[in-house]
Amino acid sequence: MDEELLTIGAFAARVRLSAKALRLYDRLGLLVPAHVDAASGYRYYSASQTGRARLVALLRQLDMPLARVTEVVEADGAEAADRLAAYWAEVETRVAGQRTLADYLRARLSGRSSEMYERFEVGTVEMPEQVVISETRHILAGELPAWIGASLTRLETAAGDCGGVTGAPFVVYHAEVSTESDGPAESCVPVADEAAARAWAEARGRAWETRVRVEPARRLAYTRITKAQVAHPQILAAFEAVEQWIAAQGLEQAGPCREVYFADWEASGPDDAVCDVAFPVS
């Protein structure tokens, strides 16, 4: 048996993994030695484990988390390939976002922010008083897009019991939402019947963190953006452009910023206008 097995040092050299990594993979059940000496505790590996070990090493070079590595190596054939493809698609999406963020930050750091802001046309609009049903959540930036879609869908469905939708849904940011700050954010849908809305909120508010409130008449400074520009960090440039415009006009911000979604998101293309980025002003 000694001739058929490799010490942990010899096996580590063969598969290009450190002995420390092999001990970790043993504890996790990812790469268990073929034999452990009962007296000394020494680990021995079979030559037949070389393929699995090298696969683990290659997957780790993709910065794949160990839990995902386990899923891939435990799968067979096409399923393993599909799991790897799904992981890599996530990586490419993340890197694309990071590349865009890096471009945005380079523009800011090099003093070219004004060029970004000039791409946005800013104006004002008078908004009437509105009764809204809303859902509030402390949430981080990574979870925000999914929550916005889900919460607005819930509220628009509920609006049927509140006299119907009377205006474009919007999201108010009562504090910063980022990778480290969790807001809160508030999804809002204007409705027609305040009494019916309050009855609905009384029945469901505790479970959904919902409420009914009257949004006062406001003057909004806003810029209109496309579906592609809603993505982070492009949307940050839109918010900053409106802030710069407000300061240049000698106006003051009179409330938290918001996104007003006036178009059918699913039916819109990347270049279609879907959202107003806005600040109340006085």
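The values are calculated or read from the model by the stated rules, or taken from the named source; none is laboratory data. The structure displayed is predicted, hence computed values, not measured ones. Cβ coordinates were reconstructed from backbone atoms using ideal geometry, including for glycine residues, and neighbour counts include every protein chain displayed.
Being touching a Leu at 6+ places or on another chain (Cβ under 9 Å) and in contact (Cβ under 8 Å) with a residue 24 or more places away in the chain is the requirement here; does residue 139 meet it? Explain how you work it out, then say what you get.
On the way: touching a Leu at 6+ places or on another chain (Cβ under 9 Å): no; in contact (Cβ under 8 Å) with a residue 24 or more places away in the chain: yes.
No, not satisfied.
Pairing residues of region 86-97 that are under 13 Å from residue 64 (Cα atoms) with residues that are of a type in the set (D, E, K, R), at Cβ distances under 6 Å and at least 6 apart in sequence or on separate chains, gives 87/68. Checking each residue in region 142-167 for being farther than 16 Å from residue 193 by Cα and in contact (Cβ under 8 Å) with a residue 24 or more places away in the chain picks out 142, 144, 147, 148, 149, 151, 152, 154.
Output yes when any residue across region 106-113 is under 30 Å from residue 184 (Cα atoms), touching a Gly at 6+ places or on another chain (Cβ under 7 Å) and loosely packed, with under 14 Cβ neighbours inside 10 Å, and no when none is. Reasoning before the result, please.
Initial filter on region 106-113 (under 30 Å from residue 184 (Cα atoms)): 106-109, 113.
Filter once more, so that each one left must be touching a Gly at 6+ places or on another chain (Cβ under 7 Å): none.
No, the conditions are met nowhere in region 106-113.
Once region 242-256 is narrowed to residues that are touching a residue at least 24 places away in the same chain (Cβ under 8 Å), within 17 Å of residue 121 (Cα to Cα) and hydrophobic (A, V, I, L, M, F, W, C), the residue that is surrounded by the fewest Cβ atoms within 10 Å (Cβ to Cβ) is 251.
Per-residue answers, yes or no, for (1) touching a residue at least 40 places away in the same chain (Cβ under 8 Å); (2) in a strand (DSSP E or B):
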| site | (1), (2) |
| --- | --- |
| 200 | yes, no |
| 219 | yes, yes |
| 237 | yes, no |
| 240 | yes, no |
| 259 | yes, yes |
| 267 | no, no |
| 270 | yes, no |
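Scanning region 14-71 for residues that are under 25 Å from residue 88 (Cβ atoms) and acidic (Asp, Glu), we see that the one that is surrounded by the most Cβ atoms within 10 Å (Cβ to Cβ) is 71.
Which numbered condition trips up residue 223, out of (1) at pLDDT below 90; (2) touching a helix residue (DSSP H, G or I) at 6+ places or on another chain (Cβ under 6 Å); (3) over 14 Å from residue 134 (Cα atoms); (4) buried (at least 16 other Cβ atoms within 10 Å of the Cβ)? So the condition that residue 223 fails would be (1).
Yes or no, residue by residue, for (1) at pLDDT below 90; (2) of a type outside the set (A, V, I, L, M, F, W, C):
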{"residue": "27", "(1), (2)": "no, yes"}
{"residue": "30", "(1), (2)": "no, no"}
{"residue": "34", "(1), (2)": "no, no"}
{"residue": "66", "(1), (2)": "no, no"}
{"residue": "72", "(1), (2)": "no, no"}
{"residue": "76", "(1), (2)": "yes, yes"}
{"residue": "90", "(1), (2)": "yes, yes"}
{"residue": "105", "(1), (2)": "yes, no"}
{"residue": "114", "(1), (2)": "yes, yes"}
